[in-house]
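Participant: The structure is given below, and queries will be raised subsequently.
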């Protein structure tokens, strides 16, 4: 997996003033980095992938488990150097606190250039829709909300997720960002979704959980929102991206 520790990816709607301020800051940072690179005789070697401190677990799906529903879709948020990232795990539940298998889907700007992230607050930029740095290390996790599915339900969800990944080519902070991408998946499996452009990733996932655990237990098998949020995240480690 590509190392993203030095990138600026994240997702949230910013007003024009905020976007311009961010653009100015990132332009300065990019210029400084380029100047520093030009002064040296050789560019620094890209650091190796950091060791994962807290491997992926299925703890957030524990209260959502139900007979005949061995598959899952879990909506997650994590910290980032910017303002966080929303992404989706999906696959097969396993024994204990592990998934038997899982895949990751999430929308973020393509590559590691901060200029691309900067431009994405003004105009749509090329995007990637898979795993990004920090997704697989739960030391960065801030919120999670799990839905369990039957085989037929999961097959439909999987087909939609794969289609969305194939067809989503751009990331644009004000209009279609990581929250928006996850919200489309949530709506497809029958969930009520808060406005993805009004919340930071962590708050978006918590609102998603709150809105959908108010539904009839007979119709929804979902994780308890209070269990899903985890511990106080004010001191959470942030990946450098």
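Participant: Output the number of the condition that residue 126 fails; it satisfies all remaining conditions of (1) out of contact with any helix residue (DSSP H, G or I) (no Cβ under 7 Å at 6 or more places or on another chain); (2) within 25 Å of residue 193 (Cβ to Cβ); (3) in a strand (DSSP E or B).
Facilitator: (2)
Participant: Can you work out which of the residues in the stretch 78-109 that are touching a helix residue (DSSP H, G or I) at 6+ places or on another chain (Cβ under 7 Å) and either at pLDDT below 95 or part of a loop (DSSP other than H, G, I, E, B) (or both) is farthest from residue 172 (Cα to Cα)?
Facilitator: Filtering first and then ranking leaves 97.
Participant: Kindly evaluate residue 200 against the criterion of being at pLDDT 95 or above, surrounded by 17 or more Cβ atoms within 10 Å (Cβ to Cβ) and under 20 Å from residue 81 (Cα atoms).
Facilitator: Criteria met by residue 200.
Participant: Sticking with this one: Take residue 227 and tell me if it is out of contact with any strand residue (DSSP E or B) (no Cβ under 8 Å at 6 or more places or on another chain), within 18 Å of residue 77 (Cα to Cα), modelled with pLDDT under 95 and part of a helix (DSSP H, G or I).
Facilitator: yes
Participant: Could you list all residues from the stretch 187-197 that are surrounded by fewer than 22 Cβ atoms within 10 Å (Cβ to Cβ) and in contact with a helix residue (DSSP H, G or I) (Cβ under 6 Å, 6 or more places away or on another chain)? It would help to see each step written out before you state the result.
Facilitator: Taking the stretch 187-197 and keeping what is surrounded by fewer than 22 Cβ atoms within 10 Å (Cβ to Cβ), we get 187-195, 197.
Within the stretch 187-197, 188, 189, 191, 192, 193, 194 meet the criteria.
Participant: Could you tell me how many of the residues in the stretch 165-185 are crowded, with 24+ Cβ neighbours inside 10 Å, part of a helix (DSSP H, G or I) and out of contact with any strand residue (DSSP E or B) (no Cβ under 6 Å at 6 or more places or on another chain)?
Facilitator: 1
Participant: With respect to residue 209, determine if the residue is in contact with a helix residue (DSSP H, G or I) (Cβ under 7 Å, 6 or more places away or on another chain), closer than 14 Å to residue 76 by Cβ and not in a loop (DSSP other than H, G, I, E, B). So that I can check it myself, show each step before the final result.
Facilitator: Values: in contact with a helix residue (DSSP H, G or I) (Cβ under 7 Å, 6 or more places away or on another chain): yes; closer than 14 Å to residue 76 by Cβ: yes; not in a loop (DSSP other than H, G, I, E, B): yes.
Judged against the criteria, residue 209 is a match.
Participant: Give me a count of the residues in the stretch 122-164 that are crowded, with 17+ Cβ neighbours inside 10 Å and over 20 Å from residue 60 (Cβ atoms).
Facilitator: 6
The values are calculated or read from the model by the stated rules, or taken from the named source; none is laboratory data. Values in this document were obtained by computation on a predicted structure and should not be read as measured data. Cβ sites come from the backbone with ideal geometry, for glycine too, and all protein chains shown count toward neighbours.
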